[in-house]
Amino acid sequence: MPSNGAPIGTPTKVTQGSQTKGGIGESTLRPDGTLKVTGEFAYSSDMWHEDMLWGQILRSTVAHAEIVSIDTSEALKTAGVYAVMTYDDLPAEMKNYGLEIQDTPVLAHGKVRHHGEPVAIVAADHPETARRAAAKIKVEYRELPVITDEASATAPDAILVHEGRDDHHIGHVPHPNIVHRQPIIRGDVEEARKRADVIVEGEYTFGMQDQAFLGPESGLAVPEEDGGVHLYIATQWLHSDLRQIAPVLGLPEEKVRMTLAGVGGAFGGREDLSMQIHACLLAMRTGKPVKIVYNRFESFFGHVHRHPAKLYYEHGATKDGKLTHMKCRIVLDGGAYASASPAVVGNASSLSVGPYVIDDVDIEAIALYTNNPPCGAMRGFGAVQACFAYEAQMDKLAKKLGMDPVEFRQLNAMEQGTIMPTGQPVDSPAPVAELLRRVKSMPLPPERQWESSEGADVRQLPGGLSNTTHGEGVVRGIGYAVGIKNVGFSEGFDDYSTAKVRMEVVGGEAVATVHTAMAEVGQGGVTVHAQIARTELGVSQVTIHPADTQVGSAGSTSASRQTYVTGGAVKNACELVREQVLEIGRRKFGTYHPAWATAELLLEGGKVVTDGGEVLADLADVLEGEVVELEREWRHRPTEAFDLRTGQGNGHVQYSFAAHRAVVEVDTELGLVKVIELACAQDVGKALNPLSVLGQIQGGTLQGMGIAVMEEIIVDPKTAKVRNPSFTDYLLPTILDTPIIPVDVLELADEHAPYGLRGIGEAPTLSSTPAVLAAIRNATGLELNRTPVRPEHLTGKA
Amino acid sequence: MDFLRPASWEEALAAKAEHPTAVPIAGGTDVMVEINFDHRRPEYLLDLNRIGDLTEWETGEDTVRLGASVPYTGIMEHLRAELPGLALASHTVASPQIRNRGGVGGNLGTASPAGDAHPALLAAGADVEVESAARGTRLIPIDEFYTGVKRNALQPDELIRAVHIKKADGPQQYSKVGTRNAMVIAVCAFGLALHPETRTVRTGIGSAAPTPVRAKAAEEFLNAALEEGGFWDNGKIITPSVAKQFADLCSAACNPIDDVRGTASYRRHAVGVMARRTLTWTWESYRGTAAHSEGVA
Amino acid sequence: MRVNFTVNGRPQEADDVWEGESLLYVLRERLGLPGSKNACEQGECGSCTVRLDGVPVCSCLVAAGQVEGREVVTVEGLAEYAKQRSCGSSCGTSLNDAQQWAAKGQDSQTGEGTELAPIQQAFIDAGAVQCGFCTPGLLVAADEMLERNPNPSDADIREALSGNLCRCTGYEKIMDAVRLAAARQGEAV
């Protein structure tokens, strides 16, 4: 069995799985469910240690300034304070970190580049002591002009956000305040434009969204006797954290042990480090365990956000509705530090055309360095912003052509075999037209559901409990959208995962243990790993070992990749374990039955059986006195970088597609929106756990709705300061804002992926937003080129 | 920080007299947020939870004497008939959990222009009962209570004990605009009460001026228009032009700002829409009851 | 300062409490009951919901000193609370039960064998738990709603849970879970 290049999931194996209860394809329940409903599941903020101290971070109150001086003397004198540290106290040569570009100072050095940047850290015996001490640190700033947009970033006399860049993008960007630029040129737009009967242009604005995971950044660092440190942490990728933490602590990676603590949601916001290094530094300095827990205010400063974007699009089409060309320019605001900006640019550019066939394109995407809050990974990054814009363009074109917006999309929909603008062929099912057909054919929710015998039920109306309308001014609108997202890390990244699988007899029963470093952030990877092990090994009892760095990297829980890649690694390791188990069986029992040598053997229901169904032995007897354990890396098909001038290259592993129909009711006088329904159809390849699949689709759908109608971090353009860092003014949808979300799941296997599965987590976040916007446009007749849409935009009172 | 736990109203007044900077805490829904986020470090916290009569109410001939700490949930459940506007406003307060803890006393003490109860109190008509150990009890008319952004007419040694709210003698309505359908702070809010006994209307506007305000010009206009047309007697439908002018005057009573929750221009507009709608709802309700009582008579 | 109060039926004493501490902090950091969650600490998410003298409140907005002498039920005590409710006063000695609750074991990391309240089981069965950080608060709020309103409409459920944010699920499975718990409750009666 090759460790590279996915073995194709054959029907036999799937059938085999269905023989063992709790295997793939079943909606088995979460192994951590009971702990989570009883309050006993230990999240990172629940960590506790005797004699532990509390860490506190002092953050900059301005967005861009030179630090003239820092005086920590008063803070150090505070009773109960054990340590105060600034840049000068960092122990190692390495003082920066970063996902791809190490441009982020652990503590500010001479300059702060965004509002809320960490400047100093304190450890004390109580959080209030630490807060009071931090407040006594005197920092003198000399403020600098703020860079907040493309014009100010690329002006001839613009201050460089980062002086002396030496990262590998600096050679190809037009200005040092541009992190990365990716053009994609294919065909001849100028020629193709001549064939267009209609041309539509649009300029779109996408607001800054927050991941707003509910479990705040937190963790516990415990100093160890060997001079190292053990960090209990909520993250999306233990080994990526480790790679960034160890050098700054001046420790070899072996001396930084990391264990995944319970993760209260992630959505991209835990790809970057937050308090990890600070907690370790304080623990090593004080020799005591140190716990840091952000409050919600701090959390808004403590992680990167979704890139806000300006998108300029031009599309042409013939009068019979065929797209002729597309030209676009996508400007993403990366904020003060690079984070995932280069990858966001790669996704935005390579997916900017959407799930459509357009042979002639001229695409450019850039990410800026500014003094706005740093932006990086959030569910669907790059593709989300583009989808909002190209789907608005599709509606504009359809309208101009007098065509039905769904039919227009279907006419231009990509399918298997379509060549992407990057030159990469789409080599697995791409049922774009079918997904649109499915959402369109779902029955529409009844009208005027607020009417009841006792008058209007305001809970079912725009404005909800606020009692703003009893039906006055309310107009229904319907909108459609479809999107395309890449699955897995792209552009030549070595996107591997590792799994360690063990089989043995415990209490007379053959059991399996699966150990990976996969960050379970709520998505249900732990559920699926157990299912895979049951399917492949025929056992019922599977233990999921806690994730830590005692096993190889599992890659990130992001990019819709974990079931594919770590799931693939678990499957691969299980298959190798199975071979060894069968080898033991042949050794022990081979002489008793010729089938041991001749038949295809399977592990099912705790037994070794032939493919004909004949039982050869109990697994418990085979494994008696034996332990089979192995750890293996597993890789999906390699990808290539995009050419820096033409954007050509087989950059992506797999694509994922979802379509939405939104039904909204808008109070057109007050500009308030109630989303009634967000119907979704998505191709998932193979639903390993159908219940979890629905949860991902519905959750992603609602996050897409949030940025359509209410969620936005508002940054003051004059000061680059965040104006709403709280759940009072950064609004997440409540259950009363949430529409019904019927889901139609399509399972068209991708022959390149384990079990034929397709990454699913992100695609529903893409099309949800433009579908809602389209529905609001349909209800109001307004153009609406920005998201989120606010009441003042719908009433002309901006 | 000291935590003062008076067991009685008298003890609370004495504590407040001794420590005028003490911050009263009842539902905690404002004070604890400020403490949790390090926005405030009062020298003394004065806990009012142990004073039972603050959570009681008495319904009198003309008014309801509402204890300062009666939770919003209680108002919604028990005082919908007597205080319909305030009950509607209470239903828009934050979340069920907050409504279980917060009361009108906290809204008045904080005196935020965005406090949900204010427009309903202004529209119904109310007096705030405050007391100090030194000078005893005084009643502050609600129209004189709000003195500036998050400032009120309370003296440093005074505590809010209750609010005397005029019992509804006609239909009342309350609307609030927020950008979420629950658990949202008002972008702006509007309360309207018809007072058939005095043949007047009263209004209250929230979050659209430095303090909660009444739209007095709009009230006067509408009072005159209703009187002139004999509307109170004939129960005719209010003409669209009258409703529109009333709405415009309510908008004109606003003095809003642009902030993260909304623009000034939108707030003026929305107050006008809410004024027109709530007038329609209350008037329809008045006509319904008037027709009914005529029938009985 | 010192605070004495009852949590999940057992008397508790917290010492050296800073006057600005919330009930949430005392539960989580002083009493070893971290089930109530610290997602926003401003009453805007509901993940710290507990019952204070029977009433659902955000424990982040209750000053520790305010709970002196009062009764608190957290998610850790929800199963026992629901059990007491369902069997009324005929449930034997509460002390014994409380001890059993405290000593309850679980036979694996899945927590199998743990006795759950109907709403807890329904959340697991319906797939209403993902990251689970909102779950404890939702369970306390949903359980209290079903106590008051055994046959809620969808709009009733949405209103009752409108103070509890969830970022993972899109709420659909939470709706399913509450409907399921209501249905099972109905069958049981």
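Looking at A:Glu665, is it surrounded by 24 or more Cβ atoms within 10 Å (Cβ to Cβ) and either within 14 Å of chain B (Cβ to nearest Cβ) or not in a strand (DSSP E or B) (or both)? Answer is yes for this residue.
Here B:Thr137 passes the criteria (1) surrounded by fewer than 20 Cβ atoms within 10 Å (Cβ to Cβ); (2) free of Cβ contacts under 8 Å to residues at least 40 places away in the same chain; (3) touching a helix residue (DSSP H, G or I) at 6+ places or on another chain (Cβ under 9 Å) except the one numbered (3). C:Glu76: of a type in the set (Asp, Glu), at pLDDT 95 or above and in a helix (DSSP H, G or I), yes or no? Spelling it out, C:Glu76 is indeed of a type in the set (Asp, Glu), at pLDDT 95 or above and in a helix (DSSP H, G or I). Scoring A:Gly651 on the criteria (1) in a helix (DSSP H, G or I); (2) in contact with an Asp or Glu (Cβ under 9 Å, 6 or more places away or on another chain) leaves a single failure, condition (1). Applying the condition of being crowded, with 22+ Cβ neighbours inside 10 Å and part of a helix (DSSP H, G or I) to the range B:258-267 and asking which residue is nearest to the other protein chains (Cβ to nearest Cβ) yields B:Tyr266.
Note on the range A:528-547: residues that are surrounded by 24 or more Cβ atoms within 10 Å (Cβ to Cβ), within 11 Å of chain C (Cβ to nearest Cβ) and in contact with a Ser or Thr (Cβ under 6 Å, 6 or more places away or on another chain) total 0. The single residue among B:Lys166, B:Lys176, B:Lys150 that is among the charged types (D, E, K, R), surrounded by fewer than 23 Cβ atoms within 10 Å (Cβ to Cβ) and under 30 Å from A:Met710 (Cα atoms) turns out to be B:Lys150. Taken as a whole, the condition of being surrounded by 20 or more Cβ atoms within 10 Å (Cβ to Cβ), in contact with a Cys (Cβ under 8 Å, 6 or more places away or on another chain) and closer than 19 Å to A:Asp46 by Cβ does not apply to A:Gly219. In the condition set (1) over 30 Å from A:Gly761 (Cβ atoms); (2) free of Cβ contacts under 8 Å to residues at least 24 places away in the same chain; (3) not aliphatic (A, V, I, L, M); (4) not assigned by TED's automatic domain parsing to the domain that holds A:Ile532, A:Asp643 is compliant with all but (1).
Yes/no per residue for (1) modelled with pLDDT under 95; (2) surrounded by 24 or more Cβ atoms within 10 Å (Cβ to Cβ); (3) not in a strand (DSSP E or B):
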position: A:His325; (1), (2), (3): no, yes, no
position: A:Val331; (1), (2), (3): no, no, no
position: A:Ala336; (1), (2), (3): no, yes, yes
position: A:Thr370; (1), (2), (3): no, yes, yes
position: A:Phe388; (1), (2), (3): no, yes, yes
position: A:Met403; (1), (2), (3): no, no, yes
position: A:Val406; (1), (2), (3): no, no, yes
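Residue-level analysis places B:Ala224 among those that are hydrophobic (A, V, I, L, M, F, W, C) and surrounded by fewer than 18 Cβ atoms within 10 Å (Cβ to Cβ). In the range B:248-269, which residues are small (Gly, Ala, Ser) and in contact (Cβ under 8 Å) with a residue 40 or more places away in the chain? Residues satisfying the conditions are B:Ala253, B:Gly262. Can you spot a residue in the range A:678-689 that is surrounded by 24 or more Cβ atoms within 10 Å (Cβ to Cβ), more than 30 Å from A:Glu298 (Cβ to Cβ), facing another protein chain (nearest Cβ under 9 Å) and touching a strand residue (DSSP E or B) at 6+ places or on another chain (Cβ under 8 Å)? So far as the range A:678-689 goes, yes, one or more of its residues are surrounded by 24 or more Cβ atoms within 10 Å (Cβ to Cβ), more than 30 Å from A:Glu298 (Cβ to Cβ), facing another protein chain (nearest Cβ under 9 Å) and touching a strand residue (DSSP E or B) at 6+ places or on another chain (Cβ under 8 Å).
Would you check which residues across the range A:568-598 are touching a Phe, Trp or Tyr at 6+ places or on another chain (Cβ under 8 Å) and under 26 Å from A:Gln523 (Cα atoms) and list them? Residues satisfying the conditions are A:Gly568, A:Ala569, A:Lys571, A:Asn572, A:Ala573.
Let's see how each residue does on (1) aliphatic (A, V, I, L, M); (2) surrounded by fewer than 17 Cβ atoms within 10 Å (Cβ to Cβ); (3) touching a residue at least 60 places away in the same chain (Cβ under 8 Å):
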{"site": "B:Ser8", "(1), (2), (3)": "no, yes, no"}
{"site": "B:Ala26", "(1), (2), (3)": "yes, no, yes"}
{"site": "B:Asp30", "(1), (2), (3)": "no, no, yes"}
{"site": "B:Arg40", "(1), (2), (3)": "no, yes, no"}
{"site": "B:Leu54", "(1), (2), (3)": "yes, no, yes"}
{"site": "B:Thr63", "(1), (2), (3)": "no, no, yes"}
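Considering the range B:42-52 alone, what residues qualify as being surrounded by fewer than 19 Cβ atoms within 10 Å (Cβ to Cβ) and either more than 9 Å from chain C (Cβ to nearest Cβ) or more than 22 Å from C:Glu21 (Cβ to Cβ) (or both)? Matches in the range B:42-52: B:Glu43, B:Gly52. Listed conditions (1) away from chain C (no Cβ under 14 Å); (2) farther than 23 Å from A:Lys288 by Cβ; (3) crowded, with 22+ Cβ neighbours inside 10 Å are all met by A:Gln56, apart from (2). The set of residues in the range A:440-472 that are in a loop (DSSP other than H, G, I, E, B), touching a helix residue (DSSP H, G or I) at 6+ places or on another chain (Cβ under 8 Å) and surrounded by fewer than 22 Cβ atoms within 10 Å (Cβ to Cβ) comprises A:Gln449, A:Trp450, A:Asp457, A:His470, A:Glu472.
Within the range A:755-769, the set of residues being under 21 Å from the mean Cα position of the chain (by Cα) and either at pLDDT below 95 or farther than 17 Å from A:Leu672 by Cα (or both) comprises A:Leu757, A:Arg758, A:Gly759, A:Ile760, A:Gly761, A:Glu762, A:Ala763, A:Pro764, A:Thr765, A:Leu766, A:Ser767, A:Ser768.
Of all the criteria given as (1) closer than 28 Å to A:His793 by Cβ; (2) in a helix (DSSP H, G or I); (3) of a type outside the set (A, V, I, L, M, F, W, C); (4) out of contact with any Lys or Arg (no Cβ under 7 Å at 6 or more places or on another chain), the one not satisfied by B:Asn255 is (2). Could you check the range A:232-283 and list, in sequence order, the residues that are aromatic (Phe, Trp, Tyr) and touching a Leu at 6+ places or on another chain (Cβ under 8 Å)? Across the range A:232-283, the qualifying residue is only A:Tyr232.
Take the residues in the range A:110-146 that are within 14 Å of chain C (Cβ to nearest Cβ) and in a loop (DSSP other than H, G, I, E, B); name whichever of them is nearest to the chain's Cα centre (by Cα). Restricting to residues being within 14 Å of chain C (Cβ to nearest Cβ) and in a loop (DSSP other than H, G, I, E, B), the top hit is A:His126. Determine if the range A:551-573 includes at least one residue that is touching a residue at least 40 places away in the same chain (Cβ under 8 Å), surrounded by fewer than 16 Cβ atoms within 10 Å (Cβ to Cβ) and either out of contact with any Gly (no Cβ under 6 Å at 6 or more places or on another chain) or assigned to a helix (DSSP H, G or I) (or both). Within the range A:551-573, not a single residue is touching a residue at least 40 places away in the same chain (Cβ under 8 Å), surrounded by fewer than 16 Cβ atoms within 10 Å (Cβ to Cβ) and either out of contact with any Gly (no Cβ under 6 Å at 6 or more places or on another chain) or assigned to a helix (DSSP H, G or I) (or both).
The values are calculated or read from the model by the stated rules, or taken from the named source; none is laboratory data. Note that the structure is predicted; figures quoted are calculated from it, not measured. All Cβ positions, even for glycine, are placed from backbone atoms using ideal geometry, and neighbour counts span all protein chains on display.
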